[in-house]
Amino acid sequence: MTSHQTTQTMKPATAAKKLGVYLEATPAEFQEGVVSRAELNALQSDPPQWLQDLRRTGPHPRPVVASKLGVSIAGLARGGVTEPLTTEQIDALKQDDPEWLRKERATQAEVRKEAVRIKERNAARAEKGSRD
């Protein structure tokens with residue numbers, strides 16, 4: 001008896017998300033096909049020029065924009081940023097440093113600080129519990 005391995009494929013939107021790029025900015029052949037796990041791995045390990053360019057200059061999807069600005073995706077929406085941005089636009093926003101961006105960065109810093117505090121508290125509880 002032989003086993004047949006089926007090739008795992010994903011929609012282009014899923015592959016674009018995993019690659020951290022904006023789907024609508026990818027080449028038509030990428031948008032119109034399906035991407036196998038092997039193809040995704042090849043794109044990640046040896047990105048073609050179009051992928052390198054997209055990652056470098058954008059336009060970037062919201063999760064990437066949020067990360068580059070140091071805010072949450074919800075913070076982007078509160079700041080009125082709903083469209084993908086290029087690296088140049090992100091750099092301009094950083095340079096302008098509008099009030100909403102400063103506020104959202106501060107909020108994000110508080111969220112991270114609280115997450116660390118909770119993690120440390122839980123670790124201390126687990127340590128105490130293992131000694132009892």
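The values are calculated or read from the model by the stated rules, or taken from the named source; none is laboratory data. Predicted, not measured: the structure shown is a model, and the values here were computed from it. Positions of Cβ are backbone-derived with ideal geometry, glycine not excepted, and every protein chain shown enters the neighbour counts. For accessibility, only protein heavy atoms count, side chains too; no ligands or nucleic acids. Shrake-Rupley method; radii C 1.70, N 1.55, O 1.52, S 1.80 Å.
Some points to look at:
- Test for Ile73: is it at pLDDT 95 or above, among the hydrophobic types (A, V, I, L, M, F, W, C) and either open to solvent by 70 Å² or more (accessible area, probe 1.4 Å) or in contact with a helix residue (DSSP H, G or I) (Cβ under 9 Å, 6 or more places away or on another chain) (or both): no
- Test for Leu76: is it aliphatic (A, V, I, L, M) and within 18 Å of the chain's Cα centre (by Cα): yes
- Residue within the stretch 91-111 that is more than 24 Å from Thr14 (Cβ to Cβ), small (Gly, Ala, Ser) and within 15 Å of the chain's Cα centre (by Cα) present: no
- Pairs with Cβ under 6 Å, 6+ apart, first in the stretch 26-53 and at negative phi, second exposed (fewer than 14 other Cβ atoms within 10 Å of the Cβ) and β-branched (Val, Ile, Thr): Ser36/Thr7
- Residues in the stretch 72-88 that are among the polar types (S, T, N, Q) and under 16 Å from Val21 (Cα atoms): Thr82, Thr86, Thr87.
- Enumeration of residues in the stretch 54-70 that are surrounded by 12 or more Cβ atoms within 10 Å (Cβ to Cβ), part of a helix (DSSP H, G or I) and without any contact (Cβ under 8 Å) to a residue 40 or more places away in the chain: Leu54, Arg55, Thr57, Arg62, Val65, Ala66, Ser67, Lys68, Leu69
- Residue in the stretch 21-37 that is open to solvent by less than 60 Å² (accessible area, probe 1.4 Å), touching a Lys or Arg at 6+ places or on another chain (Cβ under 7 Å) and at pLDDT 90 or above present: yes
- Checking each residue in the stretch 11-43 for being touching a helix residue (DSSP H, G or I) at 6+ places or on another chain (Cβ under 7 Å) and part of a helix (DSSP H, G or I) picks out Pro12, Ala13, Ala15, Ala16, Lys18, Leu19, Leu23, Ala25, Phe30, Gln31, Leu40, Leu43.
- Verdict on Val116 being out of contact with any helix residue (DSSP H, G or I) (no Cβ under 6 Å at 6 or more places or on another chain) and β-branched (Val, Ile, Thr): yes
- Answer residue from the stretch 81-132, given it is in contact (Cβ under 8 Å) with a residue 12 or more places away in the chain, part of a helix (DSSP H, G or I) and hydroxyl-bearing (Ser, Thr, Tyr) and is nearest to Gly70 (Cα to Cα) among those: Thr107
- Filtered by the rule that a residue be in contact with a helix residue (DSSP H, G or I) (Cβ under 8 Å, 6 or more places away or on another chain) and not charged (D, E, K, R), the stretch 51-70 gives Leu51, Leu54, Thr57, Gly58, Pro59, His60, Pro61, Pro63, Val65, Ala66, Leu69, Gly70.
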